[in-house]
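Inspection log for the structure reproduced underneath, given as structure tokens.
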Amino acid sequence: MAGGAAAAAAPPKRPVWSDHGDAPFEDVETTPVYARGKKGGKKKSGGGANEGWEIFKTIAFALIIAMVLRILLFQPFTIPSASMEPNLYEGDYIVVTKWSYGYSKHSIPFSPPLFEGRIMDRAPQRGDIVVFKLPRDDRTDYIKRLIGLPGDRIQMIDNVLHINGAPVQDATITGEQLTTMYGQQITQANETLPGGRTFRIQDFGPGGDLDNTPVFEVPAGYYFMMGDNRDNSIDSRVDESAGVGFVPAENLIGKAEIILFSWEPGASLWNPVSWFSKIRPSRFFTVLD
């Protein structure tokens, strides 16, 4: 009887329930140390494979998102030459908006022939800084300013741009003499296109090879491009076989909007010192006209 009474008086073992109340866990306080954690049996194999698959999926999703952003929204470019000075310098890292003119096969990397023409087409504006595929190979990325629209007549006469028979207004900038690194004199002017778009151009003065040209009549569905550095730009003033010629609307990639970063020529990814010695912080986040 005494033994039975003692057993009856012992408190019942307290169950430990899961968050959902559907299964008891071990009572850690009453389970011997050597027995804790053994109830589940052997650890399941294949954890490494599952972890590798999750990493692969994460990378795949990141690449897909980056590709969608690059095709539909933005694309970065590095300026490789001086043809757009004084507005874009070699080493400027710019961002181009892809939706500005709609989408063509050239909006997609490697320009696959998935469709012809443009989807969601929007006409560019005179004076836009445009990135496009070079017509003669449909592969090389070029950047110039859009000067002539379909139906326009473009001509250079004595170093002055003429659009539809009228000279374009420009105002020469006075002040300190500007020269190139080779000592060559530079003339800069603020040029105002029909419609009121004003931007700065530069050249090496009269006598350049492209200072006098024939009249270029821009065909329907094409555009006429020129560099802002007028005497140092191979553009639509030069026939397609050696230069740019007329640019088909399908070849437009997007509109240059902003200089994100900038480094002087000579900066190298493999030379960390040049990241700081060649940096041009004054050009960071410059909105393009």
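The values are calculated or read from the model by the stated rules, or taken from the named source; none is laboratory data. Keep in mind it's a predicted model, so treat the numbers as computed, not measured. Every residue, glycine as well, gets a Cβ built from its backbone with ideal geometry; the counts of neighbours run over all protein chains shown.
Side notes on the structure shown:
- Test: residue in the range 115-125 that is modelled with pLDDT of 90 or more, surrounded by 15 or more Cβ atoms within 10 Å (Cβ to Cβ), hydrophobic (A, V, I, L, M, F, W, C) and under 18 Å from F224 (Cβ atoms): no
- The range 239-263, residues that are touching a residue at least 40 places away in the same chain (Cβ under 8 Å) and either among the charged types (D, E, K, R) or outside any strand (DSSP E or B) (or both): E240, S241, V244, G245, F246, A249, E250, N251, K255, E257
- Taken together, the residues in the range 262-279 that are of a type in the set (A, V, I, L, M, F, W, C) and in contact with a Lys or Arg (Cβ under 8 Å, 6 or more places away or on another chain) amount to 2.
- Selection status of I163, out of contact with any helix residue (DSSP H, G or I) (no Cβ under 7 Å at 6 or more places or on another chain), surrounded by 21 or more Cβ atoms within 10 Å (Cβ to Cβ), of a type in the set (V, I, T) and at negative phi: no
- In summary, G196 fulfils each of the numbered conditions (1) at pLDDT below 95; (2) assigned to a strand (DSSP E or B); (3) of a type outside the set (S, T, Y) with the single exception of condition (2).
- For the range 58-74, the criterion of being assigned to a loop (DSSP other than H, G, I, E, B) and either of a type outside the set (D, E, K, R) or over 12 Å from the mean Cα position of the chain (by Cα) (or both) is met by at least one residue.
- Checking each residue in the range 213-238 for being farther than 25 Å from G165 by Cβ and in a loop (DSSP other than H, G, I, E, B) picks out only I234.
- Among the residues of the range 123-162, those identified as among the aliphatic types (A, V, I, L, M) and under 31 Å from the mean Cα position of the chain (by Cα) are A123, I129, V130, V131, L134, I143, L146, I147, L149, I154, L161.
- Checked against the criterion of being on the phi > 0 side of the Ramachandran plot and touching a residue at least 24 places away in the same chain (Cβ under 8 Å), the candidates S107, S111 yield just one match: S111.
- Test: residue in the range 139-157 that is at positive phi and either among the hydroxyl-bearing types (S, T, Y) or modelled with pLDDT under 95 (or both): no
- In the condition set (1) at pLDDT below 95; (2) touching a strand residue (DSSP E or B) at 6+ places or on another chain (Cβ under 8 Å), Q184 is compliant with all but (2).
- Only one of I163, I154 that is in contact (Cβ under 8 Å) with a residue 60 or more places away in the chain and either in contact with a Ser or Thr (Cβ under 7 Å, 6 or more places away or on another chain) or among the β-branched types (V, I, T) (or both): I154
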